[in-house]
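Chemist: This is the structure, below, for whatever I ask next.
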Amino acid sequence: MLGNSLYMLFKSLNNYEIYGISRDSNAFLPEVKFINLDENNKETNFDILIHCAAEVNVDLCEKEKTIAYNSNVVLTRKIFSNFFAEKNFYISTDSIFDGFDSDYTEISITNPLNYYAETKLMGENEVMQTTKNFYIIRTNIYGFCVPMKNSLFEWAYIQLNQRKMIKGYENVYFNPMYIGQIASLIRLIIEKNIDFGIYNFGIDEKISKYNFIQNISREFGFSNSLVIPSNFSQDSFKAIRPINTTLNNSKIKSIFPDFNFSFDSGLKMLKNDLLKNVYERH
């Protein structure tokens, strides 16, 4: 999801040459040169390396810990050991915090509640042990794939588009960013040469999952009567979820004060991208 957004952004620019790292020998994207991860036995240097692939199915990670570890830790270690760059980006998660507090800063104490979050935190450590030239981005993303999958936005949009009633949690809070906003911020970091380190990417607003879905419904012209408020219960899931992972974004905002960190801005970008995608496919 985020990888595709980054690809579309940098493909639209004339001063970047794009490479992809894959285990699929048949991998193809226009204007992308692919390197097979399993066949690459020598150190490869780049100006910029962005690692945003992960196993993000939280319950799967809890049930299949080997898959989670290999995807989120071993793969991260292999990428940052085999490929070297002047600027290295690792996309982490807000889930490394336990949710008992809120407004987490870059120096807040981490305490993952599930194995997905634990492996993402281990991934952070792999990056820090491998290179000093890192940007660890802690965030919660939303967006869409083509075809659509089952992320929160995609699930809600599909259900609402079919005029089905859905529940939204009133007691779970976060401040997610649209993938287009994140890609734009990464480009700004690349071009401004800011200090290496950990950065929180989050919108200004603290919102509940219920508010998130309500705003989707309103933005796309669906009836808000389809969105029913409910309370989250841990009993419904295999893995424990934190209930408040809102991130303090003041560090990145102080560097880019003119950037629009609002939820409304991201949602409008998403709508434009989605409608553009539908138009281009037809």
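The values are calculated or read from the model by the stated rules, or taken from the named source; none is laboratory data. Computed from a predicted model, the values in this text were never measured in an experiment. Cβ atoms come from the backbone with ideal geometry, glycine included; neighbour counts cover every protein chain shown. Heavy atoms of the whole protein, side chains included, go into the accessibility calculation; ligands, DNA and RNA do not. Shrake-Rupley method; radii C 1.70, N 1.55, O 1.52, S 1.80 Å.
Chemist: Restricting attention to region 40-56, does a residue exist that is open to solvent by 40 Å² or more (accessible area, probe 1.4 Å) and of a type in the set (Lys, Arg)?
Modeler: yes
Chemist: Restricting to region 87-103, name every residue that is open to solvent by 10 Å² or more (accessible area, probe 1.4 Å) and assigned to a strand (DSSP E or B).
Modeler: LYS87, ILE91
Chemist: If I filter region 198-213 for residues that are open to solvent by less than 70 Å² (accessible area, probe 1.4 Å), more than 29 Å from GLU106 (Cα to Cα) and modelled with pLDDT of 95 or more, do I get at least one hit?
Modeler: No: zero hits.
Chemist: Scan region 242-258 and report the pairs whose first residue is among the charged types (D, E, K, R) and whose second residue is in a loop (DSSP other than H, G, I, E, B) and modelled with pLDDT of 95 or more, with Cβ atoms within less than 8 Å and a gap of 6+ or a chain change.
Modeler: Here the result reads LYS251/THR105; LYS251/GLU106; LYS253/PHE259; LYS253/PHE261, each pair linking region 242-258 to a residue that is in a loop (DSSP other than H, G, I, E, B) and modelled with pLDDT of 95 or more.
Chemist: Then there's this: Given the conditions (1) under 24 Å from ARG241 (Cβ atoms); (2) touching a Phe, Trp or Tyr at 6+ places or on another chain (Cβ under 7 Å); (3) without any contact (Cβ under 8 Å) to a residue 60 or more places away in the chain, which single one is not true for LEU121?
Modeler: Of everything listed in (1) under 24 Å from ARG241 (Cβ atoms); (2) touching a Phe, Trp or Tyr at 6+ places or on another chain (Cβ under 7 Å); (3) without any contact (Cβ under 8 Å) to a residue 60 or more places away in the chain, LEU121 misses just condition (2).
Chemist: Another question, if that's okay. Quick check: is even one residue across region 179-193 closer than 19 Å to SER250 by Cα, open to solvent by 50 Å² or more (accessible area, probe 1.4 Å), assigned to a loop (DSSP other than H, G, I, E, B) and at pLDDT 95 or above?
Modeler: no
Chemist: Quick one: which strands (runs of 3 or more DSSP E) lie wholly within region 1-85 and hold at least 3 residues that are among the aromatic types (Phe, Trp, Tyr), within 24 Å of ASN277 (Cα to Cα) and within 22 Å of the chain's Cα centre (by Cα)? Let's see the steps before the verdict.
Modeler: Values: elements: 18-22, 32-36, 44-51.
The strands (runs of 3 or more DSSP E) meeting that bar number zero.
Chemist: Can you tell me how many residues within region 214-247 are open to solvent by less than 50 Å² (accessible area, probe 1.4 Å) and in a loop (DSSP other than H, G, I, E, B)?
Modeler: The qualifying residues number 8.
Chemist: Ok, one more. Take THR139 and decide whether it is surrounded by 20 or more Cβ atoms within 10 Å (Cβ to Cβ) and touching a strand residue (DSSP E or B) at 6+ places or on another chain (Cβ under 6 Å). Before the answer, list the steps.
Modeler: Details: surrounded by 20 or more Cβ atoms within 10 Å (Cβ to Cβ): yes; touching a strand residue (DSSP E or B) at 6+ places or on another chain (Cβ under 6 Å): yes.
Spelling it out, THR139 is indeed surrounded by 20 or more Cβ atoms within 10 Å (Cβ to Cβ) and touching a strand residue (DSSP E or B) at 6+ places or on another chain (Cβ under 6 Å).
Chemist: Additional query: Would you check if SER250 is open to solvent by 30 Å² or more (accessible area, probe 1.4 Å) and either under 26 Å from ASN114 (Cβ atoms) or at pLDDT 95 or above (or both)? First the steps, then the outcome.
Modeler: Values: open to solvent by 30 Å² or more (accessible area, probe 1.4 Å): yes; either under 26 Å from ASN114 (Cβ atoms) or at pLDDT 95 or above (or both): yes.
Answer is yes for this residue.
Chemist: Regarding LYS149, is this residue modelled with pLDDT under 95, surrounded by fewer than 16 Cβ atoms within 10 Å (Cβ to Cβ) and among the charged types (D, E, K, R)? Steps first, please.
Modeler: On the way: modelled with pLDDT under 95: yes; surrounded by fewer than 16 Cβ atoms within 10 Å (Cβ to Cβ): yes; among the charged types (D, E, K, R): yes.
Yes.
Chemist: While we're here: Do the conditions hold for PRO112, that is, is it surrounded by fewer than 18 Cβ atoms within 10 Å (Cβ to Cβ) and in a loop (DSSP other than H, G, I, E, B)? I'd like the intermediate steps shown before the answer.
Modeler: Working: surrounded by fewer than 18 Cβ atoms within 10 Å (Cβ to Cβ): no; in a loop (DSSP other than H, G, I, E, B): yes.
In short, no.
Chemist: Could you please tell me which pairs satisfy a Cβ distance under 7 Å, a separation of 6+ or placement on different chains, a first residue in region 15-28 that is within 18 Å of SER5 (Cβ to Cβ) and in contact (Cβ under 8 Å) with a residue 12 or more places away in the chain, and a second residue that is outside any loop (DSSP other than H, G, I, E, B) and open to solvent by 90 Å² or more (accessible area, probe 1.4 Å)?
Modeler: Partner pairs satisfying both residue conditions: TYR19/LYS33.
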